[in-house]
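Okay, so here's the structure we're looking at.
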Amino acid sequence: MCGIAGFVLRRGVAELSTVRLMCDQIRHRGPDDEGYHLSGSCALGMRRLSVIDLDTGHQPISNEDNTVRVVFNGEIYNHRELREWLSSRGHRFYTRSDTEVLVHLYEEEGVDGISRLRGMFAYAIWDERRRQLLLARDRFGKKPLYYADLPEGLWFASELKSLRAAGLLLDTDRDALRLYFQLGYIPEPLSAYKQVRKLEPGSWMRYSREDGARKQKYWTLPIPAEQAETGISEESVARQVRELFDESVRARMIADVPLGAFLSGGIDSSSVVASMAMQSDAAVKTFSIGFEEKEFNELPAARLVAQKYKTEHTEIVVRPDAVDLVSRLIPFFDEPFGDSSAIPTFLVSQAAREHVKVVLTGDGGDELFGGYDSLFQVDRARRFDRIPMPLRGLIRRAADQLPYSFYGKNYLRMASRPNAVERYFDLNYSPRYMRELLLKPEWNLPADNSYLWQRFSESLGSNDADILTRVAYFEATTQLAGDMLVKVDRMSMANSLEIRCPLLDHKLAELAMKIPHKWKMGTHTGKRIFLKAVGDRLPAELLQLPKKGFGVPLAQWFRGPLRGFLRETLTSKQFLQRDIVSEPFLRGMLDEHERGRRNNAHWLWMLLVLELWQREYAYSPMKVTA
């Protein structure tokens, strides 16, 4: 696991000092080693977290005649099989590193070889003969890769801070921040800056001084099936899921350093721990996090699994004084990121790093096997399709007359929406009426929602697909890459900890997409097929517990230990002069939240993160570009 950075100039010669500065910014991603390569206009750099081949895995790694070099962030789980095949084709290896496979695979098959890789990765290959750079990113986007395609050349890095360190002049992108207010994160391929984009999951990019940049997708998640294939039974599919899941876990247990697992007490992480314990001779090291607030505490559930499988278990309790972490975490994201569960993710990563260097997690299970309540909400909301459009207009006008603090307002506005996709966004993200009340007009998305349709048309699947299919696809692509995987990568790498996600193996994902909704969604709970596959391994008491999200007691913290800091920040002259929010409405939100009349924690957290980000990167007043 590493951090990578580099550039190719259209004119001039690359300097070591620049790429070294870029890599210094991401030392936390790889504190064990560093390496650089200069070749005329090209510079490659990396910071290494040594996990595989500790002695001879120094990067950049080259081919036999030093005409192809690679810097790599990630793990290739099938590197041994690929090494054997490439050796039979005449390629010579001088390390045991999975990184070396990449240069020989490129020699053998070019960009077509990327499809052979099984793992998580972001890497850059410099082809000396062709004077050409290749960038590639894994199928789900577990490993980040930013790039800036400018008239002067192409820059790339694992994190945005490296591009700033290179001296690039970056303008804040208003379109990206408008989507932040909608979703709580900035979705692919946008970044907080107009000049910088994220290489999309499952994509590669080629760049040369003469031809510029060319991008292409090499893998796309299949659209979820609405009906089962003929002749396939639920029982046979459950067996396939069980076998492939165990194989995926086993592949991710290979490391030359100590490893463990995050154990939340939920179905997914508990299943990963169970599979690890059944395939390991040694006790699994597990790490759980909880809160003093009972409704957010999953430690008792995690303890059931730890006791059943006799793991070496470590528990961390997050107390209100941990909110001091907020300011510390902002630089690791580089752009506004509104998922408050980043706080416990950082803390559990910090605790795990004291014992292990690699951790397996249950991330991806909800997205692939229908575990989120959003699917049930959307399914229940189908009944609103029967309301005639004229009546929906009356409902919307009635809702507009209600105060925003009336809890039924959002329900009525949702019911009046013209289609199921817009109802989904209102139910699960920031509702339009709140954005219109809080934000100045220029910070709102277009009123007709054409912007959302255009932006997310691919990740929502076909317009003809069932709404469950479209929502499931959005959550397994845009939502997963933009929120969950960003949070996990940044908070783990902030602590120099490698995260591996067995449930996000692409072979398992392709199988999951063939499973119809009715086999995933039970009467009241999701992941029915996954439970049929591995549920017998879990404590019976665990299966009876209601699902809890990885939530944080922000509402209580904003009325308690974080109250003063929150109000001081959001009512400061510095923030209000940015002209983003309506000051009277914001002050009203703060008052209502402090008095317990309404839970505004979601919005207040998003605004707090935004302002701390702006202060970190000295945008005052905020510079925006259309």
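Taking the conditions (1) buried (at least 16 other Cβ atoms within 10 Å of the Cβ); (2) over 25 Å from the mean Cα position of the chain (by Cα); (3) modelled with pLDDT under 90 in turn, LEU438 satisfies each one other than (3). Among the criteria (1) at positive phi; (2) touching a strand residue (DSSP E or B) at 6+ places or on another chain (Cβ under 9 Å), the one ALA283 does not fulfil is (1). Does GLU200 fit the bill of being outside any helix (DSSP H, G or I), at pLDDT 95 or above and acidic (Asp, Glu)? For GLU200, the condition - outside any helix (DSSP H, G or I), at pLDDT 95 or above and acidic (Asp, Glu) - is met.
Restricted to strands (runs of 3 or more DSSP E) entirely inside region 113-179, those with at least 3 residues that are touching a Gly at 6+ places or on another chain (Cβ under 7 Å) are 119-127.
Is it true that some residue in region 130-142 is modelled with pLDDT of 95 or more, surrounded by fewer than 20 Cβ atoms within 10 Å (Cβ to Cβ) and of a type in the set (A, V, I, L, M, F, W, C)? The answer is no; no qualifying residue exists. Restricting GLY362, GLY370 to residues that are in contact with an Asp or Glu (Cβ under 7 Å, 6 or more places away or on another chain) and either in contact (Cβ under 8 Å) with a residue 60 or more places away in the chain or not assigned by TED's automatic domain parsing to the domain that holds GLU616 (or both) narrows the list to GLY362. One residue stands out in region 371-399 among those that are of a type in the set (Gly, Ala, Ser) and assigned to a helix (DSSP H, G or I): the one that is surrounded by the most Cβ atoms within 10 Å (Cβ to Cβ), namely SER374.
For region 400-414, enumerate the residues that are part of a helix (DSSP H, G or I) and not aromatic (Phe, Trp, Tyr).
Once the filter is applied, which keeps residues that are part of a helix (DSSP H, G or I) and not aromatic (Phe, Trp, Tyr), region 400-414 yields ASP400, GLY408, LYS409, ASN410, LEU412, ARG413, MET414.
Evaluating GLY265 against the criteria (1) free of Cβ contacts under 8 Å to residues at least 12 places away in the same chain; (2) buried (at least 21 other Cβ atoms within 10 Å of the Cβ) leaves one unmet condition, (1).
Does ASP324 count as more than 30 Å from ILE76 (Cα to Cα) and of a type in the set (D, E, K, R)? Answer is yes for this residue. For region 576-604, the set of residues classified as farther than 14 Å from GLU436 by Cα, under 29 Å from the mean Cα position of the chain (by Cα) and modelled with pLDDT under 95 consists of ARG578, ASN599, ASN600, ALA601, HIS602, listed by residue number.
Report yes if GLN195 is surrounded by fewer than 21 Cβ atoms within 10 Å (Cβ to Cβ), modelled with pLDDT of 90 or more, among the polar types (S, T, N, Q) and not in a loop (DSSP other than H, G, I, E, B), otherwise no.
no
Could you list, in sequence order, the residues of region 100-116 that are in contact with a strand residue (DSSP E or B) (Cβ under 7 Å, 6 or more places away or on another chain) and either surrounded by fewer than 24 Cβ atoms within 10 Å (Cβ to Cβ) or farther than 20 Å from GLY90 by Cβ (or both)?
The answer is TYR106, GLU107, VAL111, ILE114.
The values are calculated or read from the model by the stated rules, or taken from the named source; none is laboratory data. All values reported here derive from a predicted model rather than from experimental measurement. Cβ: placed from backbone, ideal geometry, glycine included. Neighbour counts: every protein chain shown.
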